[in-house]
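Enquirer: Encoded as structure tokens, here's the structure I'll be asking about.
The values are calculated or read from the model by the stated rules, or taken from the named source; none is laboratory data. Model, not experiment: these values are computed from the prediction. In this analysis, Cβ positions are derived from the backbone assuming ideal geometry, glycine residues included, and neighbour counts consider all displayed protein chains. Just so you know, the surface numbers come from the protein's heavy atoms only, side chains and all, with ligands and any DNA or RNA stripped out. Shrake-Rupley method; radii C 1.70, N 1.55, O 1.52, S 1.80 Å.
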Amino acid sequence: MKLGAHMPIAGGVWKALVDGRNLGCECVQLFLKNNVQWRAKPYPARTIERFARERASAGIPHVFAHASYLINLAGPDSSARTRSIAALVTELGLAAALELPFIVLHPGSHLGAGEAVGIRQIAAGLDEVFRLSPHKHVRVALETTAGQGTSIGSKLEHLAAIFDAAAFSARLAVCLDTAHLFAAGYDIRTPAGWDRIIDQLDAMIGLDRVVAVHLNDSKAGLGSRIDRHEHIGKGAIGERAFEHIVNDPRFKDHPGCIETPKSKDLREDRRNLRVLRSLIRC
Ligand SMILES: [Zn+2]
Ligand SMILES: [Zn+2]
């Protein structure tokens, strides 16, 4: 796996690439804008130029985005869902401006309407987003979730159902999150457990759809449905599990990105990446 981290964008989106290079990242995930605000403006030309320049000099093979946490396509028709659709269209435009290949998206929460309704709303919402967005080369990678609250995506079947129902499924991809899989009840701690899940995913959706892996340990236990990331090796998943995950030949060139707690000087990221690199067998 090509190891890296989610990097902050305070001071400019290009800052994520500078930090990423300093940490020796082979992949960087970033938010396209303040992720807890709806407001988004197009980037000025100088930002786009700076990003391209930093990217060329950093030489990081995989750079991609994570969508705002506010976006929820799974809810019932409402102003919040309409806003979510518009926000995702905007983010696809921002990703296209930075020449990013995909945006990772949490499928959403059905807010009480039930899983089947939520899945239909997500597929219909994505259809509308893709109809409205001219940026056909930027894909949306649906992330597996812990299943907290009424969130969709804690079962591989949820993602498969969205792919089946979506009109533009070629523009969809998958992002696996180790902490979310584990909290959702998938025991990835052994090579056999991990293989079972990957085989299921292959049969249901196809491994060619997997574009990224989030490498997070989990504070919460197996099947807890609680989404709390922990430093690699310090959680309920444990360091040994990451050995078979980062060395899985099926994901040899895939980005494997940590989203673990961090302070401003990024010292925790340095440690987590060091631990993961020590597990990579050449
Ligand atoms: Zn996420
Ligand atoms: Zn999470």
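Enquirer: Considering (1) surrounded by 19 or more Cβ atoms within 10 Å (Cβ to Cβ); (2) under 16 Å from the mean Cα position of the chain (by Cα); (3) among the hydrophobic types (A, V, I, L, M, F, W, C), say which one TRP194 fails and leave the rest.
Expert: (2)
Enquirer: Which residue pairs have Cβ atoms closer than 9 Å, lie 6 or more positions apart in sequence or on different chains, and pair a first residue in segment 265-278 that is within 22 Å of ILE9 (Cα to Cα) with a second residue that is assigned to a helix (DSSP H, G or I) and open to solvent by 10 Å² or more (accessible area, probe 1.4 Å)?
Expert: The qualifying pairs are LEU266/ASP19; LEU266/ASN22; ASP269/ASP19.
Enquirer: Would you check if there is a residue in segment 145-155 being without any contact (Cβ under 8 Å) to a residue 40 or more places away in the chain, charged (D, E, K, R) and farther than 23 Å from ILE48 by Cα?
Expert: Yes: segment 145-155 contains one or more residues that are without any contact (Cβ under 8 Å) to a residue 40 or more places away in the chain, charged (D, E, K, R) and farther than 23 Å from ILE48 by Cα.
Enquirer: Being more than 24 Å from GLU230 (Cβ to Cβ) and in a strand (DSSP E or B) is the filter; apply it to segment 170-210 and report the residue that is farthest from ligand 2 (Cβ to nearest atom).
Expert: Checked segment 170-210; the qualifying residue farthest from ligand 2 (Cβ to nearest atom) is LEU172.
Enquirer: List pairs: first in segment 174-189 and under 13 Å from GLY223 (Cβ atoms) and away from ligand 1 (no atom under 12 Å from the Cβ), second acidic (Asp, Glu) and modelled with pLDDT of 95 or more, Cβ under 7 Å, 6+ apart or cross-chain?
Expert: ALA183/ASP227
Enquirer: Got at least one residue in segment 254-267 being modelled with pLDDT of 95 or more, touching a His at 6+ places or on another chain (Cβ under 6 Å), more than 16 Å from ligand 2 (Cβ to nearest atom) and not polar (S, T, N, Q)?
Expert: yes
Enquirer: Run down GLU99, GLU128 and say which single residue is more than 16 Å from the chain's Cα centre (by Cα) and not in a helix (DSSP H, G or I).
Expert: Result of the check over GLU99, GLU128: GLU99.
Enquirer: Check segment 107-120 and report whether any residue there is within 16 Å of ligand 1 (Cβ to nearest atom) and surrounded by fewer than 23 Cβ atoms within 10 Å (Cβ to Cβ).
Expert: yes
Enquirer: Can you name every residue in segment 208-247 that is in contact with a His (Cβ under 9 Å, 6 or more places away or on another chain), open to solvent by less than 30 Å² (accessible area, probe 1.4 Å) and either under 26 Å from VAL63 (Cβ atoms) or of a type in the set (S, T, N, Q) (or both)?
Expert: VAL210, VAL211, ALA212, VAL213, HIS214, ASN216, ASP217, SER218, listed by residue number.
Enquirer: Sticking with this structure for a sec: Residue check: is ASP199 surrounded by fewer than 17 Cβ atoms within 10 Å (Cβ to Cβ), of a type in the set (D, E, K, R) and either under 19 Å from MET1 (Cα atoms) or touching a Cys at 6+ places or on another chain (Cβ under 7 Å) (or both)?
Expert: Yes: the conditions hold for ASP199.
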